[in-house]
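K.L.:
Handing you this structure, nothing more for now.
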């Protein structure tokens, strides 16, 4: 045998073992440590380590939360919390809600609660791919449930969620939007999974001859700045302008609310430059053609039409490669592409012995699939960017949210997997507990129909619950 010095393919480009379900192994000591360290987690950020985070959390209708949690612990109801998912800080706000606000409000109302008073969150299995395997270990200790968002039916996750909904000592929490959208004041279309889980819970309770009523509790989350960070926003826009090759036009320390029109125009210029460069990329390297946009009343509307055409092109490249049909919303299509890519990257059985050539071919397929999925990640970054969001209400929060979404997308184009998102200033989080929705009442109405129509009535009821939840969460936006 001749000694050969091989160049090993980087791990991120190699086929890897299948993604396994991570069971819940809740650890009360670990839960206590997280709760004790919550003030630090809220105020500091690891990347970079700066004391610029959330300094205030306000909760509206906390009395409803305490009363229903007492009924839950008394065995009268089963609860499913449906929370808005604006950004990655949302879980910390939920921990604060359950560990600080809930016991404080209960004491005020003279309600006695048993520890632990928290929830079983359902999280995206893909978080561990970019956040690290240690997150899976930590989430397991919290009692969290991982789910594949793109799977039509993730049986293990659904089985675990149904069991905890019916028999768990804590409620279940899930984000019905399915992903973050980066907008405090705009709600994405909801998935029907929350309503379906609640419906299954009612059916499981009926089979067990149990009388608890099942409720979905809406939880709104919204962020605002303590002090408007106009000067920091000015510097951020200058950085983005340099990244796109534009002339940097920073205002300086005097930047303020009076310069809203200037900020708006700079964001339009950033959008136009980013879209133009990406259109040229797809024309030159993928031979894609883009239609001339129709004449619109404002430049923002024209840019939005061009952006949608660009996102459609990027998704079509992925879907044609993975042999998928382009049906549903942009988010739905992204989830299907993600699952198809994972099936090719995370495809190896641990105990299977394969030849080196086959292993190399699997690595080749994984590498190619990972590259194709980059087009989908591009769509994820820009799917929430709109010009109308700013025109409706040109506040510092909306300017900052739009600029940070563009920052994330540009960081992705630059090849940065986990960008160090700039923190513009201290923020306040506002949580609102909406009116609980009784899934049991919807189920009882379905019992009035004949058994032959039950399946059709069930589908309609799940859609009606989702619609009511959409309205309830929309009402929590101040």
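Taken together, the values in this text are just the output of simple stated rules run on the coordinates, not laboratory data. Keep in mind that this is a model prediction, so the values were computed, not measured. Please note: Cβ atoms are built from the backbone with ideal geometry, for glycine as well, and neighbour counts cover all protein chains shown.
K.L.:
Can you put 448, 380 in order of Cβ neighbours within 10 angstrom, beginning with the fewest?
P.N.:
Numbers: 448 8, 380 20.
Exposure proxy ranking, most exposed first: 448, 380.
K.L.:
Helix-only mean residue ellipticity at 222 nm, the chain, DSSP H runs n ≥ 4 weighted -39,500 (n - 2.57), per residue, nearest 500. What is it?
P.N.:
On the way: 18 runs with 246 residues, N = 478.
So the helix-based figure for the chain works out to -16500 deg cm²/dmol.
K.L.:
Another question, then. Please report 296, 288 as a ranked list, fewest other C-beta atoms within 10 angstrom at the top and most at the bottom.
P.N.:
Details: 296 12, 288 17.
The order, fewest Cβ neighbours first, is 296, 288.
K.L.:
Something else: Restricting to bridges with both residues inside the chain, how much of the DSSP beta-bridge set is antiparallel, in percent to the nearest 5?
P.N.:
Working: 11 of 34 bridges.
Percent antiparallel among DSSP bridges in the chain is about 30.
K.L.:
May I ask you to derive the relative contact order of the chain, considering only C-alpha pairs under 8 Å and at least 6 residues apart, and to give it as an integer percent? Please list the in-between numbers first.
P.N.:
Working: 671 pairs, mean separation 125.0, N = 478.
Worked out over the chain, it gives 26 percent.
K.L.:
Also: Once both labels are modelled 7 Å past Cα along the beta-carbon direction, what's the residue 114-residue 456 spacing in nm?
P.N.:
Here the modelled spin labels are 4.5 nm apart.
K.L.:
What are the extents of the Cα atoms of the range 325-478 along their three principal axes, in Å, largest first?
P.N.:
62, 52, 28
K.L.:
With each pseudo-label sitting 7 Å past Cα toward Cβ, what's the residue 258-residue 226 distance in nm, one decimal?
P.N.:
The two pseudo-label positions are separated by 2.7 nm.
K.L.:
In the set (1) 25.3, 87; (2) 24.1, 79; (3) 22.7, 69, which value of Rg and Dmax of the Cα atoms in Å was calculated from the structure you see?
P.N.:
From the options (1) 25.3, 87; (2) 24.1, 79; (3) 22.7, 69, the structure gives (2).
K.L.:
Taking one equal scatterer on every alpha-carbon of the range 298-343, how large is log10 of I(q)/I(0) by Debye at q = 0.13 1/Å?
P.N.:
Here log10 of I(q) over I(0) equals -0.33.
K.L.:
Now for a different question. Could you work out the relative contact order of the range 230-424? I mean the mean sequence separation of Cα pairs under 8 Å and 6+ apart, divided by the number of residues, in percent.
P.N.:
On the way: 163 pairs, mean separation 43.7, N = 195.
Reported relative contact order: 22 percent.
K.L.:
A further question on this structure: Among 191, 459, what is the fewest-to-most ranking by other Cβ atoms within 10 Å? Can you show the working numbers first?
P.N.:
Working: 191 20, 459 13.
Listed from fewest to most nearby Cβ atoms, that is 459, 191.
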